[in-house]
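The next block holds one structure in the form of structure tokens; read it before the comments.
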Amino acid sequence: MKKAKLFIDEKEVYEFPVQVDNMKGISLDIRNLRKDTGMITYDPGFGNTGSCQSAVTFLDGEKGILQYRGYAIEDLVEKCDFVEVAFLLVHGSLPNKKERYKYQELLNNHSMIHADMMDFFRGYPDHAHPMSILSAMVVSLSAFYPEIDLDEDPEAQMDLTVTRLLSKMRTIAAFTYRKLNGMDFVNPSYKYSYCANFLNMMFSSPVRDYTPNPVHVKAINKLLILHADHEQNCSTTAVRLIGSSEASLYAAVSAGICALWGPKHGGANQAVIEMLEKIRDDGITVDEAIRKAQDKDDPFKLMGFGHRVYKTYDPRAKIARKLCREVLDDLGKSDELLDIAIDLEQQALKNEYFIERNLYPNIDFYTGIIFRAMGIPTNMYTVMFALGRLPGWIAHYLEWHHDPYEKIGRPRQHYIGPTPKQVVPLEER
Ligand code: ACO
């Protein structure tokens, strides 16, 4: 095994084992650093910290490569539907025909939510953000579908919890939309596939016939696959961290939903559309927007641009950009927001500021335009992202659960507070 040496003031103080992973990635094993030397590492944002070993997803941000369980994202989007990819992430291999059929049946069997949970929906104000309802409803599932009974077969119990969550979160997402729009709930139906079922629960109406548009069903499948996992991102790290305290899967996923909500993460898809609308409505030119995004005194940022890991074009954004055209062409629609987005992208990719910092469109830059074309409202975009990311979160939770090196997550800190002082009694202050 190779070793790396740490020198301080030219004095060798430590020797690290060097690990090489399956894709030739190199890491220094610092697990015993504090124990052996008293020192810790300082890495805000964990940009250089490997927090676990993982076999779920491979990502090369320099080359723009994304693979789930060894399969390229481009291949999965072309040849699989979302349920197959969810199975792949959760179980580690693609399902055969029999497994696929059985999985669909299981998901159908567990798609309803407890009748008492309906009352929770009614209590939310109509202006609530759907992500707040989604996270609360998901953690509430733990009250209705309690913890694993370790006297029973724990693996089978965990399988049941996973299936329930995959199926019920889709129902919760659709019910959230209906509640916020003052509509009665539409129950899931055996007639439909996973994504068609979701669209039916969202859009079916008692006063007009509704059949999910096959182009929309295909597009939703692709979008959910694109979102399904992204290795140790902010929300997945939240899921793993909550899971590391041995909290339930529902609690960990609810925390993941909260982490995803922020505009620097999954909330960016909503923020992109709001930015494009602002550019259109305020008559801001594309040149002006690009200038504003570079001005450190201006809070305006080019939402949907930049990524912690990708230093080239996000491979998911490439697929989403193409899909955006396909969906709009099928509907025979144009969208002025797409025209603004393409203009922004072209200008930014030629601009020195964006080139120097390797800022390219990320997945969120085009997905909002697709959701919008399908009639999904802006505040639901991050919910769509959460639905897609769910199998990834589950896969990481389970991986942590089976990890022999599993430990509760507990980083250290570089303390910059006051040095010790004495309390002056209240009467003397
Ligand atoms: N517009 C303008 N400037 C940007 C942008 C942007 N969208 N993104 C990064 N920069 C600049 C930063 O100001 C910084 O400039 P500096 O070196 O002069 O200080 C430099 O590029 C590096 O950016 P950081 O913020 O340090 O990069 P980090 O890896 O911490 O952040 C992030 C990545 C959060 C995604 C950031 O690029 C961003 O806020 N983008 C917009 C929000 C967004 O689209 N989020 C979705 C990400 S994808 C996902 O989570 C699904």
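The values are calculated or read from the model by the stated rules, or taken from the named source; none is laboratory data. All of these numbers come straight from a predicted model, not from anything done at the bench. Positions of Cβ are backbone-derived with ideal geometry, glycine not excepted, and every protein chain shown enters the neighbour counts.
Points to keep in mind about this one:
- Just one residue in the set PHE185, PHE175 is surrounded by fewer than 17 Cβ atoms within 10 Å (Cβ to Cβ) and in contact with a helix residue (DSSP H, G or I) (Cβ under 7 Å, 6 or more places away or on another chain); that residue is PHE185.
- Condition met for ASP287 (free of Cβ contacts under 8 Å to residues at least 24 places away in the same chain and surrounded by fewer than 22 Cβ atoms within 10 Å (Cβ to Cβ)): no
- The helices (runs of 4 or more DSSP H) located wholly in the range 26-113 that include 1 or more residues which are in contact with a Gly (Cβ under 9 Å, 6 or more places away or on another chain) and surrounded by 12 or more Cβ atoms within 10 Å (Cβ to Cβ) occupy 82-91.
- Checked against the criterion of being buried (at least 21 other Cβ atoms within 10 Å of the Cβ) and hydroxyl-bearing (Ser, Thr, Tyr), the range 303-314 contains one or more residues that satisfy it.
- Qualifying residue in the range 323-341 (condition: under 19 Å from the mean Cα position of the chain (by Cα) and either crowded, with 17+ Cβ neighbours inside 10 Å or near the ligand (Cβ under 10 Å from one of its atoms) (or both)): no
- Qualifying residue in the range 371-390 (condition: within 12 Å of the ligand (Cβ to nearest atom) and either of a type in the set (D, E, K, R) or over 26 Å from PHE87 (Cα atoms) (or both)): yes
- For PRO404, the criteria (1) under 30 Å from ALA247 (Cβ atoms); (2) at pLDDT 95 or above hold in every case but one, which is (2).
- Of all residue pairs spaced 6 or more apart or on separate chains, those with beta-carbon atoms under 8 Å, a first member in the range 341-367 that is touching a residue at least 12 places away in the same chain (Cβ under 8 Å) and charged (D, E, K, R) and a second member that is away from the ligand (no atom under 11 Å from the Cβ) and in a helix (DSSP H, G or I) are ASP343/VAL286.
- Within the range 5-38, the set of residues being small (Gly, Ala, Ser) and under 35 Å from the mean Cα position of the chain (by Cα) comprises GLY25, SER27.
- Of the residues making up the range 248-282, those that are of a type outside the set (Gly, Ala, Ser), assigned to a helix (DSSP H, G or I) and in contact (Cβ under 8 Å) with a residue 40 or more places away in the chain number 16.
- Residue satisfying all of: in the range 342-368; hydrophobic (A, V, I, L, M, F, W, C) and touching a helix residue (DSSP H, G or I) at 6+ places or on another chain (Cβ under 6 Å); nearest to the ligand (Cβ to nearest atom) among these: ILE363
- Test: residue in the range 253-262 that is within 12 Å of the ligand (Cβ to nearest atom), surrounded by fewer than 19 Cβ atoms within 10 Å (Cβ to Cβ) and of a type in the set (Phe, Trp, Tyr): no
- Qualifying residue in the range 222-234 (condition: over 23 Å from ALA55 (Cβ atoms) and touching a residue at least 12 places away in the same chain (Cβ under 8 Å)): yes
- Those helices (runs of 4 or more DSSP H) of the range 185-247 in which at least 3 residues are more than 22 Å from the chain's Cα centre (by Cα), considering only elements entirely within it, cover 194-203.
- When residues of the range 290-321 are limited to those that are of a type in the set (Phe, Trp, Tyr) and within 11 Å of the ligand (Cβ to nearest atom), the one farthest from GLY388 (Cα to Cα): PHE300
- If you go through the range 228-285 and pick out every residue that is among the hydroxyl-bearing types (Ser, Thr, Tyr) and under 24 Å from LEU338 (Cα atoms), you end up with 1.
- Some residue of the range 216-229 being in the same structural domain as ASP314 (by TED's automatic domain parsing), among the charged types (D, E, K, R), over 21 Å from TYR366 (Cβ atoms) and surrounded by fewer than 24 Cβ atoms within 10 Å (Cβ to Cβ): no
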